[in-house]
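Just so it is clear, none of the values below were taken in a lab; they were calculated from the coordinates. Please read these numbers as outputs of a predicted model, since none were measured by experiment. Quick reminder, even Gly has a Cβ in these numbers, built from the backbone with ideal geometry, and neighbours come from all protein chains shown.
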Amino acid sequence: MVYECALTWIKPSFLWMMHRCGWGTKPGQETVLAFEITRDGFEWALRNACLSSYVRVLHPDRSAWQRELKSAPARVQWDPERDLHLQPVPYRLLQLGLSGEGVRRYADEWTVSINDVTPLAREIHALVSGGDLCSAAQLLPQEQDYPGTDELTAHLRS
């Protein structure tokens, strides 16, 4: 199969995705899907990723970074995590963009399951809108720091 998309993004944070899709209310983003992928696949992408922006202390020069970015099957950008009101909090989370071989592996090898979390997004959004942040927080998917991240992302941090 041939995959011809610019980038496919892995967004490991539920609240960041809710920010991106407006709790599943933005036009064309009314359905929210959660993809489970293999650990091996995620780690392959991290090992083969390039930062999405130039960082002088990590790259010899801009042209070297641009060459690396163009050939990398994955790229990383660091975006602020979000709170229940979808406002930025003072720490950043990894966003992982896949292209070429990364997209092929994601679709053909790494995907374990796909779940429609639209009803959950709407339920949490209704609770947040009604001011019941405690109940909303209890419904959030459990997210943990990824083990071994320092080793896997050292080349992706400034």
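Here are a few things to note about the model shown:
- In this rough spin-label picture, where each label sits 7 Å from Cα along the Cβ direction, the residue 81-residue 62 distance is 3.4 nm.
- If R0 equals 22 Å, the separation of the Cβ atoms of residue 114 and residue 48 corresponds to a calculated FRET efficiency of about 0.40.
- Dipole of segment 8-156, positive end: most advanced residue of 44, 100, 126 [Cβ charges, Cα centre]: 100
- Inter-label distance, residue 25 to residue 92: 2.9 nm, where each label sits 7 Å from its Cα along the C-beta direction.
- Inter-part distance where segment 55-119 and segment 125-158 are each reduced to a Cα centre, Å: 16
- Fewest-first ranking of 109, 43, using other Cβ atoms within 10 Å as the exposure measure: 109, 43
- Packing-based exposure ordering (other Cβ within 10 Å, fewest first) of 134, 50: 134, 50
- Going by neighbour counts of Cβ atoms within 10 Å, the residues 67, 20 line up, fewest first, as 67, 20.
- Taken about its Cα centre, the chain carries a charge dipole of roughly 620 debye when the Cβ of each Lys and Arg holds +1 and the Cβ of each Asp and Glu holds -1.
- q = 0.12, 0.15, 0.16 Å⁻¹: log10 I(q)/I(0) that the Debye formula gives for the chain, counting C-alpha atoms only: -0.59, -0.89, -1.00
- The chain: calculated mean residue ellipticity at 222 nm from DSSP helix runs of at least 4, using -39500 (n - 2.57): -9500 deg cm²/dmol
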